[in-house]
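> One structure follows; several queries about it will come next.
The values are calculated or read from the model by the stated rules, or taken from the named source; none is laboratory data. As the structure is a computational prediction, the values presented were derived from the model and not from experiment. So basically every Cβ, Gly included, is an ideal-geometry build from the backbone, and we count neighbours across all protein chains shown.
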Amino acid sequence: MSLPALFSPPPRPAEGGNPFADPLPPLWLYFSFRGRISRATFWRHGVLWLLLMTLLFNGLLGIVGLDAEQADGLTNLLLLWPALAISVKRWHDRNRSAWWVLVNLIPLVGWLWVLIENGLLRGTPGDNDYGPPPTV
């Protein structure tokens, strides 16, 4: 698989094909801001995977001697881009601009708004301004 293909949205499965036969390219999922992802992908990769990576990085950085505050800051810095990429793709599935990521900056209610919009509400059916609907 070529490097540009890793950053491209996943191909649509052939009619009657197995939608899980072609997994999401990891570089596209975690580093590209193009395309759309489903709610299930958001929960698996945007919540569960990032939470596990946060725990792992904090644990490893604690072992090498960084205090909790430094480890937390470095972990947040390392996972910022993947978290933004996943969130942007989920906003795209709702047919909203990537600028909606800034809702997170609203004190107290921002994270709740993002959780409801990205984690609980369906994306737009069919094609929208950001491409075809997610296949997985």
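> Could you list, in sequence order, all residues of the range 95-134 that are crowded, with 18+ Cβ neighbours inside 10 Å and part of a loop (DSSP other than H, G, I, E, B)?
Across the range 95-134, the qualifying residues are R96, G123, Y130, P134.
> Tell me which residues, restricted to the range 34-55, are within 27 Å of D72 (Cα to Cα) and among the β-branched types (V, I, T).
T41, V47, T54
> Can you name the residue in the range 24-71 that is in contact (Cβ under 8 Å) with a residue 40 or more places away in the chain and among the polar types (S, T, N, Q) and is also nearest to G123 (Cα to Cα) among such residues?
So, considering only residues that are in contact (Cβ under 8 Å) with a residue 40 or more places away in the chain and among the polar types (S, T, N, Q), the one nearest to G123 (Cα to Cα) is S38.
> Given the structure, is D72 surrounded by 14 or more Cβ atoms within 10 Å (Cβ to Cβ), among the acidic types (D, E) and more than 17 Å from the chain's Cα centre (by Cα)?
When the stated conditions are applied, D72 passes them.
The rows are residues; the columns are (1) in a helix (DSSP H, G or I); (2) at pLDDT 95 or above; (3) hydrophobic (A, V, I, L, M, F, W, C); (4) within 28 Å of T135 (Cα to Cα).
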site: D22; (1), (2), (3), (4): no, no, no, yes
site: L29; (1), (2), (3), (4): yes, no, yes, yes
site: R44; (1), (2), (3), (4): yes, no, no, yes
site: V47; (1), (2), (3), (4): yes, no, yes, yes
site: L56; (1), (2), (3), (4): yes, yes, yes, no
site: D72; (1), (2), (3), (4): yes, no, no, no
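> Are there any pairs with C-beta distances below 6 angstrom linking a residue in the range 114-135 that is closer than 11 Å to W91 by Cα to a residue that is modelled with pLDDT of 90 or more and assigned to a loop (DSSP other than H, G, I, E, B), with the two at least 6 apart or on different chains, and if so which?
G123/R94; T124/N95; Y130/R36
> Follow-up. Looking at the range 75-94, which of its residues are surrounded by fewer than 20 Cβ atoms within 10 Å (Cβ to Cβ) and over 23 Å from T135 (Cβ atoms)?
Answer for the range 75-94, where residues must be surrounded by fewer than 20 Cβ atoms within 10 Å (Cβ to Cβ) and over 23 Å from T135 (Cβ atoms): N76, L77, L78, L79, L80, W81.
> Right, here's the next one. Could you list, in sequence order, the residues of the range 42-57 that are crowded, with 16+ Cβ neighbours inside 10 Å and over 22 Å from L115 (Cβ atoms)?
Within the range 42-57, F57 is the sole residue that qualifies.
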